[in-house]
1. If only one of Leu145, Leu191, Leu135 is surrounded by 14 or more Cβ atoms within 10 Å (Cβ to Cβ), assigned by TED's automatic domain parsing to the domain that holds Val241 and at negative phi, which one is it?
2. Determine which single condition Glu246 fails, assuming it passes every other condition in (1) in contact with a Phe, Trp or Tyr (Cβ under 8 Å, 6 or more places away or on another chain); (2) under 19 Å from Met149 (Cβ atoms).
3. Only residues that are at pLDDT 90 or above, charged (D, E, K, R) and surrounded by 15 or more Cβ atoms within 10 Å (Cβ to Cβ): list them for region 96-132, please.
4. Where residues in region 250-278 are basic (Lys, Arg) and modelled with pLDDT of 90 or more, which of them is surrounded by the fewest Cβ atoms within 10 Å (Cβ to Cβ)?
5. Within region 28-72, take every residue that is aliphatic (A, V, I, L, M) and touching a Lys or Arg at 6+ places or on another chain (Cβ under 9 Å) and give me the one that is nearest to Met10 (Cα to Cα).
6. Residues Phe64, Phe72: which one is of a type in the set (A, V, I, L, M, F, W, C), surrounded by 20 or more Cβ atoms within 10 Å (Cβ to Cβ), more than 30 Å from Met252 (Cβ to Cβ) and over 22 Å from the mean Cα position of the chain (by Cα)?
7. Can you tell me which residue within region 18-33, out of those that are more than 18 Å from Ile292 (Cα to Cα) and free of Cβ contacts under 8 Å to residues at least 12 places away in the same chain, is surrounded by the fewest Cβ atoms within 10 Å (Cβ to Cβ)?
8. Considering only region 9-22, I want to know if a residue exists there that is out of contact with any Pro (no Cβ under 7 Å at 6 or more places or on another chain), modelled with pLDDT under 85, over 22 Å from Ala272 (Cβ atoms) and not assigned by TED's automatic domain parsing to the domain that holds Asp141.
Amino acid sequence: MELRHFRYFMAVAEYGSFTQAAERLFVSQPTLSQQIRDLERELGVTLFRRERDGTRVTVAGEVFYDRAKRVFAAVEDSIADTRRAASTMSTLWIGVAGPLPESVHVPVVSAFTAAFPQVQIRMHELGFPTYEQPLIDGQVDVALLRGPMDLDRLVCLPVVAGEPSALLTPMGHPFWDADAVDLRDFLAEPLPRISRELSERSRAFWLYYKERNDEYPRLLGHDAATAADMVLSAGLHGVVVPAPIEAVRGVMVARFKAVELRGGHLSTTYAARRRDDRRALTETFCELAAQIGAEVVDADRWRR
């Protein structure tokens, strides 16, 4: 159960109409109806009666409405407290390791600036191979980036989950004519050599260390220190590069294509802050990012 379920429920209860509530919430009526069905299924009760002259809450719905109002009151109090705390924090540095699914950082930052207009936003591009290091070192306050993450030093909330993997594939490679390849076929392939600056955690994840029985693949070329280096190395040596599918599409150049990797890792984009950062504003940013991601990203887009 998420905050949007409370908001959707309260709108239907107050307007007495799914149509009017959907218009007020700027969502389609089928989407709103599905969210209410999901909520009723999770609660195990019927919240509304559909009648000729409108929609009425049930007895269970009245009880839930009372609780929902208390939840929103607590949320508003939290926002007010955070805004007061933000008065001592005039600038928020946000690190972004793009390209991210559906450019989710845009609605996240837009929502944050609308809620906290007094806070000045500064963006910092997080590049390969040291994605999370600027956050750990304090160069940025929060970050939107994909895992795997250093959970000992960072607090991470999922924003977009379930992003499949793909292979950046150069023309002439045996996979060139395929739309998708299985993981077992990919594991036999050599890969470009990756900079040692990339964390061992990420190296193991993207080189499929465990899937190769705790062995690294044959690596070709020099240590790629940037995304451009990686693409160049793949082209020069005729090898594929595994990565999240939106990241692959974001670096596509001529004579390369994206090939789906069936059975590959699923990536999650997180909103992250340092574990030792106790400031209310950074925590609020991450919570807001998780909420916005759940509302604006189509979770089924990669299943179609």
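1. The unique qualifying residue is Leu191.
2. (1)
3. Passing the criteria: only Glu132.
4. The qualifying residue surrounded by the fewest Cβ atoms within 10 Å (Cβ to Cβ) is Arg255.
5. Looking at the filtered set, the residue picked out is Ala68.
6. Phe64
7. Among them, the one singled out is Pro30.
8. no
The values are calculated or read from the model by the stated rules, or taken from the named source; none is laboratory data. The structure displayed is predicted, hence computed values, not measured ones. A quick note on method: Cβ atoms are made from the backbone with ideal geometry, for glycine too, and the neighbour counts reach across all protein chains shown.
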